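Report on one structure; see the data block that follows.
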Amino acid sequence: MIPADIRFPLERANGVQIVKTAAALARRGSRVRLLVRRSDARPTAVALALYGLSPHPDLDVRRLRVLHRRGSFLLPRASFLVRAAAAGLLARRRGAVVFTRDLQMADLLLRLPGGGRGPLVYEAHAVESVMYLERGTLYGTAEKADPAKAARIAAREERVWKNASGVVTTTAGIRDGFAERHGERRGVRVIPNGCDVPGERRFPGLAAEDPPRVLYAGQLYPWKGVDLLVAAMGSVPGVRLVILGGIEGEPDTARVRALVESSGLAARTELPGLVPQARVADELRRAAVVAVPFLRAGMTERHTSPLKLFEAMAAGRPIVASDLPSSREVLRDGDNALLVPPGDALALSAALRRVLSDRDLARRLARSAWDEAPRYSWDARARALHALFEEVR
């Protein structure tokens, strides 16, 4: 069972990651029940199609009704927790594995009496106590961390780390962060996020668009480095910038649009917003280079395992990325990507120009990344998860 407090469908990265992982586990032979919010009237088959998936006999998507009150975040969240925890408790009593990336859900299931014999496996996408302390900086808000809340999150993480049957982390940096804070433990696996890798594979070669296209795909939060990429593009003439992500009306979208305008790049920049997965795949095919320009922060240093990076690898696109420890878990400078100092617009623009002007380099980087993509497929992820589940049963 996978309890996940997300709207369904949700085309943000966390929604894609959860649904694609559940589907891959079902293809692997596990009977999977995915618990999500009932937030959309469309049939489940239609929602799955938005992720590029078809219904599978071993994937049962249960859409839980949650209570709503205008202006209240806590009520729907609390009602989902109660309903999903009850289902998770019953599943554990029947011996099923409960697998969740929801820290509060994992803690609740571990603390409920009569949890039964089924394993509880937690998947960490960050050391949440670190992310909470940096939240104001990461998201460009004036939010200040509450020490009491930070302590509660840290205590919750410690309980889950010590008592869960198994723990999955998406980077080695997250694993090490937990171990530094709460001690070593067994039953931990580093299993990165994934991407779709076609069964029939043929290296696509470099894109032939004129003018060439520099692609960024993902959310527009300040820590993602989109502002830096816009600044760098002023020194990369004759190229179109394509920024996929952001929702119309959100402050991040308005901020990036204003920056593009003020930088004089509007005529050669496309900002289509949040687009379906099929559009992302098409834009990857058209891209001359994909930029992953994360800024330096405690979270980005060790925690990021971006889906769009793996998708760029699977598409056979040259990659220019920030040189961070989390990046180096997947990328090697000059081999399968060019890595540049985070926050350095001049270095980023120089690396982009280098890839765009040197087709032999671009082809070599792209081919190396493409060759390695299968190790980051959703099916490879499911195999690694299944092995852990068997171990902790």
Selected residue (criterion: surrounded by the fewest Cβ atoms within 10 Å (Cβ to Cβ)) from residues of the range 320-334 that are of a type outside the set (Lys, Arg) and part of a loop (DSSP other than H, G, I, E, B): Gly334
Out of Arg202, Arg111, Arg92, Arg117, I need the residue that is more than 25 Å from the chain's Cα centre (by Cα), surrounded by 20 or more Cβ atoms within 10 Å (Cβ to Cβ) and among the charged types (D, E, K, R). Which one? Arg92
So is Met313 modelled with pLDDT under 95, surrounded by 23 or more Cβ atoms within 10 Å (Cβ to Cβ) and assigned to a helix (DSSP H, G or I) or not? no
Criterion first (touching a residue at least 60 places away in the same chain (Cβ under 8 Å) and in contact with a strand residue (DSSP E or B) (Cβ under 9 Å, 6 or more places away or on another chain)) does Arg189 satisfy it? yes
What helices (runs of 4 or more DSSP H) completely inside the range 236-304 contain at least 3 residues that are farther than 15 Å from Gly225 by Cα and out of contact with any Cys (no Cβ under 8 Å at 6 or more places or on another chain)? 251-262, 277-286
Answer residue from the range 72-122, given it is in contact with a Lys or Arg (Cβ under 8 Å, 6 or more places away or on another chain) and among the β-branched types (Val, Ile, Thr) and is nearest to Ala4 (Cα to Cα) among those: Val98
In this structure, does Ser305 turn out to be outside the structural domain of Met131 (by TED's automatic domain parsing), among the hydroxyl-bearing types (Ser, Thr, Tyr) and touching an Asp or Glu at 6+ places or on another chain (Cβ under 9 Å)? yes
Unique residue being of a type in the set (A, V, I, L, M), surrounded by fewer than 19 Cβ atoms within 10 Å (Cβ to Cβ) and closer than 16 Å to Ala291 by Cβ when the list is Leu265, Leu229, Leu220: Leu265
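The values are calculated or read from the model by the stated rules, or taken from the named source; none is laboratory data. Because the structure is a prediction, the values reported are computed rather than measured. Cβ: placed from backbone, ideal geometry, glycine included. Neighbour counts: every protein chain shown.
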